[in-house]
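Chemist: Take this structure first; my questions come after.
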Amino acid sequence: MIATLLDALALLASFDHRLLTIVGLSLFVSLNALLIGTLLGLPLGAWLAIARFPGRGGLVVALNALMGLPSVVVGVIVYLFLSRSGLLGGYGLLFSPAAMIVAQSVLVTPLIAAVSRQIIEDAWKEYAPEFSVIGISRPQAVTLLLADCRFSLTVATLAGLGRAMSEVGAVMIVGGNIDGYTRVMTTAIALETSKGDLALSIALGIVLMSIILSLNVIGYALRCWAARRYN
């Protein structure tokens, strides 16, 4: 065990090319999925927080349920859409980083939307009377609430990034885990562990955990700084 850990640390210290390639692709796919999920999820969550219409409760329940959507189910659905016989098969996206971004975006968007809805809804209860007096429209209220809650919304974006970087099922199905092309940290860890290359698996695990931990520390520090400055 100690020898394997030392080998993993040696891989990290040597900036092994395989490791850097896998980490780089993981960040590329997950950050792009996070960008798409944020652009879609934050406005959706904010709109749902202040909108009032028949069936809203059911939509909120459905959105919350989608937070726990199994990644393998998303992988199969995206696979069907991107396969040759699928609606988007003509674009040739299957088994490519683009397909992985699509799959992760589907996973990330409901999570960001659900978390941001709760954050914005709490703020809306406080601001609604003032907005009503001023005469601010709902679209304007969405924009103002997103801007005012921007630091609290880092929770939603960090949750989305953690979901994207840690999932394995969807990217395995639509990406194919092709060496040097669609192999990311989670799929590489699963493969290398089954092959017995524990040193690379542990090294990738250390990198993955370090990235997620660092981002959460940054998010926590940002929220604390905002609380001190604006309160």
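Each value in this text was obtained by applying a stated rule to the coordinates, not by laboratory testing. Bear in mind the structure is a predicted one, so any value in this text is a computation, not a measurement. Here the Cβ is made from the backbone with ideal geometry for all residues, glycine too, and neighbour counts use every protein chain on show.
Chemist: Contact order normalised by length for the chain, with contacts defined as Cα pairs under 8 Å and 6 or more residues apart; what percent is it? Numbers along the way, then the final one.
Modeler: On the way: 289 pairs, mean separation 73.0, N = 231.
Relative contact order of the chain: 32 percent.
Chemist: Continuing with this model, one more query. When 137, 85 are ordered from fewest to most other Cβ atoms inside 10 Å of their Cβ, what list results?
Modeler: Values: 137 9, 85 6.
Ranking 137, 85 by Cβ neighbours within 10 Å, fewest first, gives 85, 137.
Chemist: Going through the stretch 69-171, which trypsin sites (Lys or Arg not before Pro) have at most 15 other Cβ atoms within 10 Å and a DSSP loop state? Each step should come with its number before you reach the end.
Modeler: Values: sites: 84, 117, 125, 150, 163; in loops: 84, 150.
Sites meeting the loop and neighbour criteria: 84, 150.
Chemist: Please give the contour-minus-distance gain from residue 20 to residue 84: 0.36 nm per residue of separation, less the Cα-Cα distance, rounded to one decimal in nm.
Modeler: On the way: separation 64, 0.36 × 64 = 23.04 nm, distance 3.21 nm.
The span from residue 20 to residue 84 would gain 19.8 nm if fully extended.
Chemist: Pop the C-beta distance of residue 221 and residue 150 into the FRET formula with R0 = 22 Å and round what comes out to the nearest 0.05.
Modeler: 0.90
Chemist: Can you give me the span-like helices of the chain, meaning DSSP H runs with 30 Å or more of Cα extent along the axis and Kyte-Doolittle mean at or above 1.6?
Modeler: Values: long enough: 17-50 (49 Å, 1.69); 97-134 (49 Å, 0.76); 198-230 (47 Å, 1.43).
Sorted by number, the helices that extend far enough and score high enough are 17-50.
Chemist: Right, next: What's the longest uninterrupted piece of the chain once you rule out the chymotrypsin sites (Phe, Trp or Tyr not before Pro) that are loop residues per DSSP with at most 14 other Cβ within 10 Å? Please report the intermediate quantities before stating the final value.
Modeler: Numbers: sites that count: 15, 181.
In the chain, the maximal stretch lacking such sites is 16-180.
Chemist: Based on the Cα atoms of the stretch 158-231, what semi-axes does the equivalent ellipsoid have, where each is the square root of 5 times one gyration tensor eigenvalue, given in whole Å with the largest first? Provide the component values of the computation, followed by the final result.
Modeler: Details: eigenvalues 209, 39, 11 Å².
Sorted largest first and rounded, they come to 32, 14, 7 Å.
Chemist: Would you compute, from DSSP H runs of 4+ residues alone, the mean residue ellipticity of the chain at 222 nm, taking -39500 (n - 2.57) per run and dividing by the full residue count, rounded to the nearest 500? All intermediate terms of the calculation are to be shown ahead of the outcome.
Modeler: Numbers: 10 runs with 182 residues, N = 231.
Mean residue ellipticity, 222 nm, calculated: -26500 deg cm²/dmol.
Chemist: Separation of the stretch 154-231 and the stretch 38-65 by C-alpha centroid, Å?
Modeler: Cα centres, the stretch 154-231 to the stretch 38-65: 27 Å.
Chemist: Cα centroid distance between the stretch 1-37 and the stretch 113-143, in Å?
Modeler: Their Cα centres are 41 Å away from one another.
Chemist: Here's a follow-up. What length, rounded to one decimal in nm, is gained on full extension from residue 64 through to residue 1, with 0.36 nm per residue of separation minus their alpha-carbon distance?
Modeler: On the way: separation 63, 0.36 × 63 = 22.68 nm, distance 4.09 nm.
Net length gain for the segment: 18.6 nm.
Chemist: Please compute, over every Cα-Cα pair in the stretch 25-197, the percentage with a separation greater than 23 angstrom. Walk me through the numbers before you get to the answer.
Modeler: Numbers: 6903 of 14878 pairs.
Roughly 46 percent, once rounded to a whole number.
Chemist: Be a star and scan the stretch 29-61 for residues whose amide nitrogen sits under 16 Å from the point 7 Å along the Cα-to-Cβ vector of residue 121.
Modeler: Those under the cut-off are 42-61.
Chemist: Is there a quick way to get the dipole size of the stretch 25-197? I mean about its Cα centre, with the Cβ of Lys and Arg at +1 and of Asp and Glu at -1; what is the value in debye to the nearest 20? Don't skip to the end; give the middle numbers.
Modeler: Working: 10 positive and 9 negative charges, 72 e Å.
With only Lys, Arg, Asp and Glu charged at Cβ, the dipole is about 340 debye.
Chemist: Once Lys and Arg get +1 and Asp and Glu get -1 on their Cβ, which of 166, 32, 127 lies farthest toward the positive end of the dipole of the chain?
Modeler: Towards the positive end, the residue furthest out is 127.
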